[in-house]
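Below you'll find the structure, written out as C-alpha cells, and then a few comments.
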Amino acid sequence: MVEAFAVASGKGGTGKTTSTLALGLALAETYDVTVVDADTGMANLLFHAGLDDADVTLHDLLLGTRDVAVADACYERFGLTVVPCGTDLAGFRDADPTRLRDVIAELAADTDVLLLDSPAALDSAASVLPIVLADRVVLVTQPTVPALSDALKVQEYAASYGTGVAGVLFNKVRPADGIERITPKAERYFEGPIVGAVPDDDAARAARRAGQPLLAYAPDSPAAAAYYDAAAAIDVDGGDGEALADRFRSAVIPEEV
Amino acid sequence: MDVRATFGGDLTFSRVVADPSVALERALEDSVTGYAEFVPADALLLGEGGDGLVAFEDGVPVRVRHSTGPVGDDAVTALALPGPYHVRFYDHTDPPLGPDAAIEPDALAERLAGDPALAERTRERAPETVDSGPDAVTAFLDDDASVEAIRERARADAEARAAELGFDPVSDD
C-alpha cells in the first residue's frame with residue numbers, strides 16, 4: 001500500500017515543514033513513512049531534520065548531473081526516510097522539477113506513506129507539481145482570514161487536478177484565536193475534516209533551532225500531543241504501490257517549466 | 001560592525017543570496033524574532049557603502065538602521081542596492097533598535113526585494129491587522145458569498161492555468 005500526501009498551505013509561515021515532519025513521525029509509529037522536501041526553491045526540511053550536511057539531496061536527483069541514485073538521497077532519521085533538498089541557488093535554478101515525478105514514483109514503490117513538503121505558493125508549475133502528484137493534500141493553515149483564504153485556494157487547485165483533501169490542520173493556534181468557534185465554521189468549506197489544532201508552542205521553535213523534528217525534540221510538548229492526535233485523525237487510504245508508481249509515470253506534466 | 005558582539009543572540013542563518021527575498025521569505029517562514037545583518041556586495045567585496053541592521057518580530061521586519069547613519073525608511077533606501085547580499089540572522093528575544101527606526105512591514109519586501117507577493121504575505125503576518133482575531137475570522141466564515149467567490153476564483157485560475165502549467169485539469173463531472 002502507499003498513499004502520497006502533499007502537505008501544503010498556500011502561504012509561508014504556517015509551520016508547514018514542522019508539521020510535515022511531525023505528522024511523519026507520528027504516522028511512522030504505524031506506517032513506513034518517507035518525507036520528501038518538494039519545496040525545491042525554499043528548501044528547509046534539512047535544517048529541521050539535522051541534515052544540513054547531507055551530501056546527496058533531491059537537487060542532485062533533479063539536476064541529473066551526478067551519478068547518484070534515489071537511494072543515495074534517502075536518509076534514515078527519527079524512524080523515517082527523509083529526502084532533503086539542497087539550498088543552493090544554482091541547484092534550484094538548474095534543477096528540472098519534472099524529474100520529481102520519477103523520484104516520487106521510485107519512492108512510492110517502497111513505502112506506505114509519502115509526505116511531500118510542498119511549496120508555499122501556487123505561482124509556477126514547480127510549486128503546483130507536488131499537489132498534482134499527490135493523492136490528497138493535508139492543508140496546514142492558521143485561524144486568520146488570509147491563511148484560510150490561501151488554504152481554500154490550494155484546495156481548489158488540488159480539486160482541479162484530481163487531488164483530494166485528507167485533512168485541514170490549524171497550526172500556531174493561540175488561546176485568543178477562539179479556535180473552538182472557528183473550527184465548525186471553517187469545516188463547512190473544506191472537503192476534508194479538520195484534523196487538529198496545534199497550539200503555538202515555543203517547543204517548535206526550539207526544535208527548529210536544535211535541528212530536530214518537534215516530536216523527537218519535545219515529544220511531551222502540547223504541540224507534539226496535538227500532532228499525534230492529528231495524525232491519528234488522518235485516514236490513510238493506501239492503494240497499490242505499483243499502481244501509484246505507474247500513475248506517476250504516466251502523469252501529464254510539462255516539458256518546460 | 002560586529003553586531004553580534006553588540007547585541008548577542010544565536011546565529012541561525014548565514015548565506016549569500018542573489019535575491020534578498022530568499023532571506024525575507026526564510027524569516028517569515030521561520031517566524032524569526034531577532035535581527036539580521038544585510039551586507040550588500042559592495043560592502044562585502046570592497047568594504048564600501050555600509051550595511052544594514054534589520055530587527056524582526058515574528059518574521060516581520062519592523063526596524064532598520066543603516067551603518068552610515070540613516071534609520072527607518074531612509075535606511076531602507078540606503079540599503080536597496082543590486083544584490084547579492086550576505087545575510088546573517090540572529091535569534092534574539094528583544095530585537096534591537098528604537099521606534100525612530102520603525103518601517104512599514106512590507107517595506108523591505110517591496111523596496112529591497114521588489115516582491116509584491118512577499119510584501120502581501122508580510123503585511124498579512126504583521127500584527128494589528130483587521131484580518132486577525134476570532135471576530136474577523138468568524139465574520140469571514142459566515143460570509144458564504146465571499147468564501148464561495150474565493151473558491152470560484154481559485155478554481156477558475158487553476159483551470160485557466162492548466163494549459164500554461166502543462167497539467168491536465170479534472171472535470172467536476
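Scanning segment A:124-147 for residues that are over 25 Å from A:MET1 (Cα atoms) and facing chain B (nearest Cβ under 7 Å) yields A:ALA125, A:PRO143, A:THR144, A:VAL145, A:PRO146.
Could you check A:ASP112 against (1) touching a Phe, Trp or Tyr at 6+ places or on another chain (Cβ under 7 Å); (2) free of Cβ contacts under 8 Å to residues at least 40 places away in the same chain; (3) not hydroxyl-bearing (Ser, Thr, Tyr) and say which number it fails? Just one mismatch for A:ASP112, condition (2).
Residue pairs whose Cβ atoms lie under 7 Å apart, separated by 6 or more positions or on different chains, with the first residue in segment B:53-77 and under 18 Å from B:PHE13 (Cβ atoms) and in the same structural domain as B:THR93 (by TED's automatic domain parsing) and the second in a loop (DSSP other than H, G, I, E, B) and of a type in the set (Gly, Ala, Ser), are B:ASP58/B:SER31; B:GLY59/A:GLY13; B:GLY59/B:SER31; B:VAL60/B:ALA126; B:VAL64/B:GLY72. Check whether at least one residue in segment B:22-39 is closer than 30 Å to A:ASN171 by Cβ, in a strand (DSSP E or B) and within 14 Å of chain A (Cβ to nearest Cβ), and report yes or no. Scanning segment B:22-39, I find at least one residue that is closer than 30 Å to A:ASN171 by Cβ, in a strand (DSSP E or B) and within 14 Å of chain A (Cβ to nearest Cβ), so the answer is yes. Tell me, yes or no, whether segment A:50-72 has at least one residue that is of a type in the set (Ser, Thr, Tyr) and more than 14 Å from every other protein chain (Cβ to nearest Cβ). Within segment A:50-72, one or more residues are of a type in the set (Ser, Thr, Tyr) and more than 14 Å from every other protein chain (Cβ to nearest Cβ). Is there a residue being more than 9 Å from every other protein chain (Cβ to nearest Cβ), acidic (Asp, Glu), buried (at least 17 other Cβ atoms within 10 Å of the Cβ) and under 11 Å from the mean Cα position of the chain (by Cα) anywhere in segment B:110-125? So far as segment B:110-125 goes, yes, one or more of its residues are more than 9 Å from every other protein chain (Cβ to nearest Cβ), acidic (Asp, Glu), buried (at least 17 other Cβ atoms within 10 Å of the Cβ) and under 11 Å from the mean Cα position of the chain (by Cα). Among the residues making up segment B:1-21, those that are in a loop (DSSP other than H, G, I, E, B) and of a type in the set (Asp, Glu) are B:ASP2, B:ASP19. Pairs meeting the criteria (first residue in segment A:178-201 and in contact (Cβ under 8 Å) with a residue 12 or more places away in the chain, second residue of a type in the set (Lys, Arg) and not in a strand (DSSP E or B), beta carbons under 9 Å, at least 6 apart or on different chains) are A:TYR189/B:ARG151; A:PRO199/A:ARG174; A:ASP200/A:ARG174. Scanning segment B:41-68 for residues that are surrounded by fewer than 24 Cβ atoms within 10 Å (Cβ to Cβ), closer than 27 Å to A:ALA120 by Cβ and in contact with a strand residue (DSSP E or B) (Cβ under 8 Å, 6 or more places away or on another chain) returns B:VAL62, B:ARG63.
Residues satisfying the criterion are present in segment B:15-28 (criterion: buried (at least 21 other Cβ atoms within 10 Å of the Cβ) and among the acidic types (Asp, Glu)).
Residues in segment A:39-69 that are at pLDDT 90 or above and on the phi > 0 side of the Ramachandran plot: A:GLY50 only. Name the single residue that is farthest from the chain's Cα centre (by Cα) among those in segment A:1-52 being polar (S, T, N, Q) and part of a helix (DSSP H, G or I). Per the criteria, the residue is A:THR18.
Within segment A:174-201, the residues that satisfy the criterion of being away from chain B (no Cβ under 11 Å), among the β-branched types (Val, Ile, Thr) and in contact with a Pro (Cβ under 9 Å, 6 or more places away or on another chain) are A:ILE194, A:VAL198.
The values are calculated or read from the model by the stated rules, or taken from the named source; none is laboratory data. Here the structure is a predicted model, which means the values were calculated and not measured. FYI the Cβ positions are ideal-geometry reconstructions off the backbone, even for glycines, and counts take in every protein chain you see.
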